[in-house]
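Working notes, structure below.
Rule-based calculations on the coordinates, nothing more; no lab input. Keep in mind that this is a model prediction, so the values were computed, not measured. With ideal geometry, Cβ positions are generated from the backbone for all residues, glycine too; neighbour counts draw on all protein chains shown.
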Amino acid sequence: MLERGEVANSWRRERWGSLRLLTPNWQSRLPGVRYEGGDPDGYMNMAEVTEFIELFAKVSRAPVRAGVNVTSVRAAGDGYLVTTSDGEIACRAVVIASGACNRPSVPPLSAAVPGGVEQLTPFGYRGPGQLPDGGVLVVGASATGVQLAAEISRSGRPVTLSVGEHVRLPRTYRGRDVLWWMDASGVWDQRYDEVDDLTRARRLPSPQLVGTPERATLDLNALTALGVELVGRLAMVRDGSALLSGGLRNVFSLADLKMNRLLDTFDEWALTSGRNAEFAAPERFAPTVAPESARLQLDLRSGEIRTVVWATGFRPEYGWLDVPVIDGKGRLRHDGGVVTDSPGLYALGLPVLRRRKSTFIHGIEDDARDVVGHLAGYLG
Ligand SMILES: Cc1cc2nc3c(=O)[nH]c(=O)nc-3n(C[C@H](O)[C@H](O)[C@H](O)COP(=O)(O)OP(=O)(O)OC[C@H]3O[C@@H](n4cnc5c(N)ncnc54)[C@H](O)[C@@H]3O)c2cc1C
């Protein structure tokens with residue numbers, strides 16, 4: 001097991017200061033290790049996540065070789081030759097577990113942002129104190145974007161949030177964490193070969209959730225209440241101006257509709273499982289309120305916006321993989337973690353790899369069991 005940094009490297013080096021998991025403590029479970037503290041409904045900060053994963057490395061006695069960077073993996077004989085910063089390894093099989101979020105995904109239009117405006121990604125962002133005074137445009141309204149917009153707004157800087165397709169969720173529903181419902185109702189366990197549109201499911205943005213002691217909902221209405229200005233999707237930067245899509249109302253109704261459908265699924269499960277009486281009454285939430293007239297253009301040269309924060313997602317990095325199994329969009333071609341075009345090559349930790357819960361910490365156990373089962377058969 002080769003790790004270029006330290007155990008839990010991504011949690012140590014690639015996250016901002018105030019981040020907490022959006023999954024509750026009781027849901028942080030790995031084979032043989034689960035959260036056992038006094039706050040099961042709380043959310044771990046980065047130091048706690050790091051400690052949790054270090055504990056797992058110890059308990060599982062994982063043969064980690066830290067500080068070893070893989071610079072190339074290529075087919076050789078009936079297996080692979082792995083070149084590392086610490087020599088070469090010949091092996092029959094390789095499991096790619098290098099993460100789904102190695103780089104922030106920044107759209108090419110960022111190149112047209114005028115030079116006087118500072119640009120940051122979540123990898124460079126540590127906290128609002130590092131930003132110049134003045135307005136901030138946060139692009140992207142999924143988990144990262146809504147969390148950063150709220151934090152920066154609370155620091156006193158005017159925040160404009162550019163919103164595209166997003167997944168709205170309340171933090172709690174009928175008295176339980178919304179992710180408890182995902183778990184209990186079986187939504188998380190839905191298998192990749194049962195999902196209607198797998199390509200779409202794998203590209204679905206993260207839900208608008210934040211882990212706070214108050215278990216507060218952080219949807220767009222909450223951001224509007226904080227004073228954040230909502231604008232449409234950033235379509236283009238031309239002559240120093242950011243051009244924004246109209247049709248916010250449609251984007252909002254779609255997200256509201258999908259949230260309500262999911263809540264219907266939870267209610268149905270509560271009834272069919274015979275557990276309905278355990279929970280508070282079904283709830284429905286106020287529709288997302290669109291601004292009277294959302295701005296369609298922002299002059300990035302006027303000095304109103306001093307910083308752009310790109311919360312436009314993350315992508316994996318496979319520059320070291322010298323096997324032709326990456327598609328035109330930079331994604332690994334695989335079937336439930338089995339890289340069928342290159343026998344002996346496997347993957348873990350990618351979105352909806354084998355189940356809807358695959359990208360989450362608690363999703364790895366079932367996926368790993370399946371993928372390792374296949375791998376053992378292959379070696380056998
Ligand atoms: C901002 C953010 C918030 C998240 N919040 C949550 C959450 O609340 N709850 C949750 O369950 N999940 C959350 N996730 C998802 C989380 O990343 C996964 O659950 C989990 O970290 C995936 O673990 P992993 O080991 O597959 O990938 P990673 O944690 O990315 O680990 C991959 C490791 O591979 C190493 N590596 C990469 N390339 C090489 C190479 N060439 N040579 C050697 N080593 C290499 C990296 O250094 C890294 O340590 C979040 C993700 C992000 C980006």
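At 25 °C and 0.890 mPa s, grab the translational diffusion coefficient of the range 278-380 from Stokes-Einstein with a Kirkwood Rh over Cα pairs, rounded to a whole number in µm² per second. Provide the component values of the computation, followed by the final result.
On the way: Rh = 18.4 Å.
Answer, rounded: 133 µm²/s.
If packing is taken as the mean number of other Cβ atoms within 10 Å per residue, what is the order of 195-201, 316-322, highest first?
316-322, 195-201
Given contacts defined as C-alpha pairs under 8 Å and at least six residues apart, what's the relative contact order of the chain, whole-number percent? Could the numbers behind the result be given before it?
Details: 680 pairs, mean separation 87.8, N = 380.
Averaging sequence separation for qualifying contacts and normalising by length gives 23 percent for the chain.
Please give the charge dipole size of the chain, origin at the Cα centre, charges +1 on K and R Cβ atoms and -1 on D and E Cβ atoms. Round to the nearest 20 debye. If you can, show how the numbers build up before the last one.
Working: 44 positive and 45 negative charges, 75 e Å.
In debye, rounded to 20, the chain gives about 360.
So what is the 222 nm mean residue ellipticity for the chain from helices alone, if each DSSP H run of at least 4 adds -39500 (n - 2.57) and you divide by all residues, rounding to the nearest 500 deg cm²/dmol? Numbers along the way, then the final one.
Details: 8 runs with 92 residues, N = 380.
Calculated from helices alone, the mean residue ellipticity at 222 nm is -7500 deg cm²/dmol.
Where in the range 1-25 does the amide nitrogen come within less than 15 Å of the point 7 Å from the Cα of residue 379, taken along Cα to Cβ?
1-2
Counting Lys +1, Arg +1, Asp -1, Glu -1, what net charge surrounds residue 365 among other residues with beta carbon under 12 Å of its beta carbon?
Details: positive: 29, 34, 354, 355, 357, 369; negative: 189, 366, 367, 370.
Charge balance in the 12 Å sphere: +2.
Multiply the residue gap between residue 66 and residue 204 by 0.36 nm, knock off their C-alpha separation, and tell me the result in nm, one decimal place. Don't skip to the end; give the middle numbers.
Numbers: separation 138, 0.36 × 138 = 49.68 nm, distance 3.22 nm.
Between residue 66 and residue 204, full extension yields 46.5 nm more.
Binned at 20 Å from 0, what are the whole-percent values of the Cα-Cα distance distribution for the chain, short to long?
25, 56, 19, 0
Using 1/(1 + (r/R0)^6) with R0 = 45 angstrom and r between the beta carbons of residue 226 and residue 76, what's the FRET efficiency to the nearest 0.05? List each step's numbers first, then the result.
Working: r = 56 Å, r/R0 = 1.24.
Efficiency for this residue pair is about 0.20.
Report the one residue of 112, 339, 160 whose Cα lies farthest in the direction of the positive end of the charge dipole of the chain (charges on C-beta: Lys and Arg +1, Asp and Glu -1; origin at the Cα centre).
112
Could you work out the relative contact order of the range 9-134? I mean the mean sequence separation of Cα pairs under 8 Å and 6+ apart, divided by the number of residues, in percent. If you can, show how the numbers build up before the last one.
Working: 116 pairs, mean separation 28.4, N = 126.
Relative contact order of the range 9-134: 23 percent.
What length, rounded to one decimal in nm, is gained on full extension from residue 264 through to residue 13, with 0.36 nm per residue of separation minus their alpha-carbon distance?
That works out to 86.5 nm of additional length.
Give the relative contact order (percent, whole number) for the range 170-261; include only Cα pairs under 8 Å separated by 6+ residues. Walk me through the numbers before you get to the answer.
Working: 53 pairs, mean separation 17.2, N = 92.
About 19 percent, as a whole number.
Tell me which of 125, 137, 66 sits at the most positive position along the dipole axis of the range 15-137, charges placed on C-beta atoms (Lys, Arg +1; Asp, Glu -1).
So the residue furthest toward the plus end is 66.
Taking amide H positions as placed 1.01 Å from N in the peptide plane, with prolines and chain starts having none, which residues 5 or more places from residue 135, or on another chain, fall under 5 Å of its amide H?
306
Tell me the label-point distance for the pair residue 366, residue 155, using the 7 Å Cα-to-Cβ offset, in nm and rounded to one decimal.
With each label point 7 Å from Cα toward Cβ, the separation is 3.9 nm.
Which of the aspartates and glutamates could be linked to residue 329 by a straight reach, that is with a Cα gap under 20 Å, when you skip same-chain ones fewer than 8 residues away?
165, 197, 317, 341
Residue 111 versus residue 197, label points 7 Å from Cα toward the beta carbon: distance in nm?
Going by the 7 Å Cα→Cβ label model, 3.0 nm.
Taking amide H positions as placed in the peptide plane 1.01 Å from N, state which residues far from residue 211 in sequence (5 or more) or on other chains have amide H under 5 Å from it.
Residues meeting the amide H criterion: 20.
Please give the FRET efficiency for residue 299 paired with residue 4, using the beta carbon to beta carbon distance and R0 = 51 Å, rounded to the nearest 0.05.
According to the calculation, E is roughly 0.75.
Suppose every Lys and Arg Cβ carries +1 and every Asp and Glu Cβ carries -1, with no other charges. What dipole size does the range 15-60 come out with about its Cα centre, to the nearest 20 debye? Can you show the working numbers first?
Working: 5 positive and 6 negative charges, 35 e Å.
It comes to approximately 160 debye.
Relative to the longest principal axis of the C-alpha atoms of the chain, give the angle of the C-alpha long axis of helix 364-379, reported between 0 and 90° and rounded to the nearest 10°.
The helix 364-379 is inclined about 30 degrees to the chain.
Would you compute the Debye intensity of the range 228-349 from its alpha-carbon atoms alone, equal scatterers and no solvent, and pass along log10 I(q)/I(0) at q = 0.09, 0.14, 0.15 Å⁻¹ to two decimals?
So the normalised log intensities are -0.57, -0.94, -0.95.
Could you pull out which residues in the range 353-372 have an amide N less than 18 Å from a spot 7 Å beyond the Cα of residue 335, following the Cα-Cβ vector?
Within reach of a label on residue 335: 353-355, 370-372.
Using each residue's phi in the range 101-108, evaluate 6.51 cos²θ - 1.76 cosθ + 1.60 at θ = phi - 60° and report the 3J(HN,Hα) Karplus result to the nearest Hz, with x for Gly and Pro.
Along the range 101-108, the couplings run 10, 6, 9, x, 9, 10, x, x Hz.
What does the charge count near residue 141 come to, summing +1 for each Lys or Arg and -1 for each Asp or Glu among other residues with Cβ under 10 Å from its Cβ? Let's see the in-between values first.
Details: positive: 168, 233; negative: 165, 219.
So the surrounding residues net to 0.
Placing unit charges on C-beta atoms (Lys and Arg positive, Asp and Glu negative, everything else neutral), compute the dipole magnitude of the range 240-326 about its Cα centre in debye, rounded to 20.
Working: 9 positive and 11 negative charges, 57 e Å.
Here the range 240-326 has a charge dipole of around 280 debye.
Residue 86 to residue 243: extension gain in nm, 0.36 nm per residue of separation minus the Cα-Cα distance? If you can, show how the numbers build up before the last one.
Values: separation 157, 0.36 × 157 = 56.52 nm, distance 4.85 nm.
Additional length available on full extension: 51.7 nm.
Pull up the cross-link candidates among the lysines for residue 258, meaning alpha carbon to alpha carbon under 26 Å and not fewer than 8 places away within one chain.
Hits, sequence-local ones excluded: 357.
Counting other C-beta atoms within 10 Å, which of 166, 334 has the fewest, and how do the rest follow?
Working: 166 25, 334 19.
Lowest count first: 334, 166.
Just to be sure I understand the model, the point goes 7 Å from the Cα along the line to the Cβ. What's the resulting residue 190 to residue 280 distance in nm?
Here the modelled spin labels are 2.6 nm apart.
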